[in-house]
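Below is one structure, written out as structure tokens; the observations come after it.
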Amino acid sequence: MAKGNIGVTANNIFPVIKKFLYSDHEIFLRELISNAVDATQKLKTLASVGEVKGDLGDTRVRVILNKNKNTLTVQDHGIGMTAEEVDKYINQIAFSGAEEFLGKYKDKAEAIIGHFGLGFYSAFMVADKVEIFSLSYKDDAKAVHWSCSGDPEYTMEETIKAERGTDIVLHINSEFSQYLEDATIQGLLTKYCKFLPVEIAFGKKKEWKDGKEVELDEENIINDVQPAWTRKPADLTEDDYKRFYHQLYPSQFDEPLFHIHLNVDYPFHLTGILYFPRIKRNLDVHRNKIQLYCNQVFVTDEVENIVPEYLTLLHGVIDSPDIPLNVSRSYLQSDNNVKKISSHITKKVADKLAELYKNDKEDFCKKWDDIKLFIQFGMLSDEKFYERAIGFALLKNLEGQYFTLEEYKNKVKDAQTDKDGNLVLLYAQNADASYAYIERAKQKGYDVLLMDGELDVHAMSQFEQKNEKLRFVRVDSDTIENLIRKEDAAKDTYSDEQKEGLRKALEACLPENERLRFYVNCEAAAEDALPVFLTQNEFMRRMKEMSAHQQGMSFYGDMPDQYNIVINTAHPLVKDLAAKMTSEEVEEVVENKDGDKKEGEEAPKQTVKKTVWTLSGEDERLHQLLDIALLASGQLKGEALAKFVNRSVSMLG
Ligand code: ADP
């Protein structure tokens, strides 16, 4: 028997590694199985060039639990190792690699450990003792048994082993007994090994029979050795892509809308399939579903530093050996390969969308509502993507027709350009709530867009920034005559004092609500508009809506909702009310601004005469007109609504 000290200088680095790798110790299984798969692949390569002759026999990798002996074994029938190779690869290289790793990443190991394996060495994170039984494929090779109990000392001796390949036996530490549970191991295999290229067997297949689970004779293969992304697109049907989607996300019932098969050889290697999910709202639910693989070994599902943020909304797989996994996450973004990969994916995604739009507009329009949020997010966060997407980003009007911005501008420009040359695009967020306003717009021959998406307000602002003289206004944000002004505002014949009187009378009727603020104005709108109606300032409303999604804008979010109440002085009912107003002359003492103000004395006063108009005996009718306006805008609630109902009934009596 040979004894020796493994090639580490630190006397005992096992406690160190156990301590700070605590959170991610589960990766040991991935590392050992990766080695087993590599050894099997190497054997196959040697066979293909004639260096290994004859039938390779069973090449499955097996994971075997022995609860009596507290061991977990990873078994392969790959190339195996001779005693010299164990000495070289395990005693010297593996351990020195581990030591180097520790030295380098001591401080930031937490952040990267899940991605950079410690290889064989990681077995010691969960095992007190690790044994290797190996028989090399080489002619006349002798089997070797190596054993190490977690200190720098190991033993190595010749042994008897019938089958070619390697068994790695882990004597699981009592603290980590979960790794002796079938369910834990099954879970880890599903997470990390689902798509490895060599069959991995774990226990036997099970079936439900007469309400009981029974074991079948067949081995339980946990992986698909040829997942869709490793195959040629030409060999795959639509159904294959869908099946693979459900293989990736077994608990996802929705079908993806379409997919992109990625395949790059130069200047970096990358394969993968990205899927577009239906995204109606709630962006966060869809984030971080993309799985990152390295040669079919699962690495992570946190790809936010590898692809732009909006692309993390896509689902699917990216497999690339060229994404450096042994660096910290923040470093990734500045890595050149990662930058190239990111812009390649961005371009591919945009190209695919452009192609879908070009080839089948009708189908693209049907899918638009489900991909709109994704595309808007992309346009808002990536200038390059905006430029590409502007050709297929769509606007939808209330008739359910879809247009690109250019198409829509052409459609409405004759009717909806105002006297100053601004092209005004009208929109509604809720067609029911804005019904009356929409009708008035239609009467004028205008078109109204539907903008009810989560990012629509942001998207509109972006369009406005990029297009001079283009404005989006919600159809109820002012009178339609004011929204698209064709000539100077109509004048009425009321005096300022009279309007002041009307305003005061109406203000006296306003409901009290600290979340609402009303500003009352007199304005000659159209005769057939409502006598009193509400409008809401476009800018303020948008700011409030944007603040719902953005940090640092809570100032707007905290403000009460503001509405303008317009008294339509052109309406016959208002004219009638005004005709019933009475006026009187009053004297008022006011500050005399022209007078000399002396130090320490009160400002000089003067008495002025003023006409004050009041509306007496007609308060109820005015109150009723106000309530109708509030009701039409969905703002009449609670006590005010009950009073309105009662008043209406009594007025009819
Ligand atoms: P890495 O796999 O990154 O090279 P490891 O520490 O995991 O590092 O393994 C060191 C070396 O030991 C491997 O490169 C390989 O040559 C050898 N090795 C490990 N496991 C096996 C195995 N199951 N069969 C054959 N060789 C193995």
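The values are calculated or read from the model by the stated rules, or taken from the named source; none is laboratory data. All values reported here derive from a predicted model rather than from experimental measurement. So basically every Cβ, Gly included, is an ideal-geometry build from the backbone, and we count neighbours across all protein chains shown. What goes into the accessible areas is simple: the full protein's heavy atoms, side chains included, and nothing from ligands, DNA or RNA. Shrake-Rupley method; radii C 1.70, N 1.55, O 1.52, S 1.80 Å.
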Kindly evaluate residue 163 against the criterion of being assigned to a strand (DSSP E or B), acidic (Asp, Glu), in contact (Cβ under 8 Å) with a residue 40 or more places away in the chain and surrounded by 12 or more Cβ atoms within 10 Å (Cβ to Cβ). no
So for region 564-575 (the condition being surrounded by 14 or more Cβ atoms within 10 Å (Cβ to Cβ), within 27 Å of residue 475 (Cβ to Cβ) and free of Cβ contacts under 8 Å to residues at least 12 places away in the same chain), does at least one residue qualify? yes
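For region 187-204, does any single residue satisfy the condition of being touching a Gly at 6+ places or on another chain (Cβ under 9 Å) and open to solvent by 60 Å² or more (accessible area, probe 1.4 Å)?
Checking region 187-204: not a single residue is touching a Gly at 6+ places or on another chain (Cβ under 9 Å) and open to solvent by 60 Å² or more (accessible area, probe 1.4 Å).
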For residue 154, indicate whether it is within 16 Å of the ligand (Cβ to nearest atom) and either assigned to a loop (DSSP other than H, G, I, E, B) or of a type outside the set (Gly, Ala, Ser) (or both). yes
Starting from region 34-47, keep only residues that are within 8 Å of the ligand (Cβ to nearest atom), then list their pairs with residues that are charged (D, E, K, R) whose Cβ atoms are within a distance under 6 Å, requiring at least 6 positions of separation or different chains. 36/76; 39/76
Based on this model, can you work out whether residue 113 counts as within 16 Å of the ligand (Cβ to nearest atom), in the same structural domain as residue 43 (by TED's automatic domain parsing) and either in contact with an Asp or Glu (Cβ under 9 Å, 6 or more places away or on another chain) or modelled with pLDDT under 95 (or both)? yes
In region 246-269, anything of a type in the set (Ser, Thr, Tyr) and touching a residue at least 60 places away in the same chain (Cβ under 8 Å) is listed as 249
Here is a list of conditions, (1) surrounded by 14 or more Cβ atoms within 10 Å (Cβ to Cβ); (2) more than 32 Å from the chain's Cα centre (by Cα), and residue 491 meets all of them except one; can you say which number that is? (1)
Looking at 144, 130, which one is at pLDDT 90 or above and within 44 Å of the chain's Cα centre (by Cα)? 130
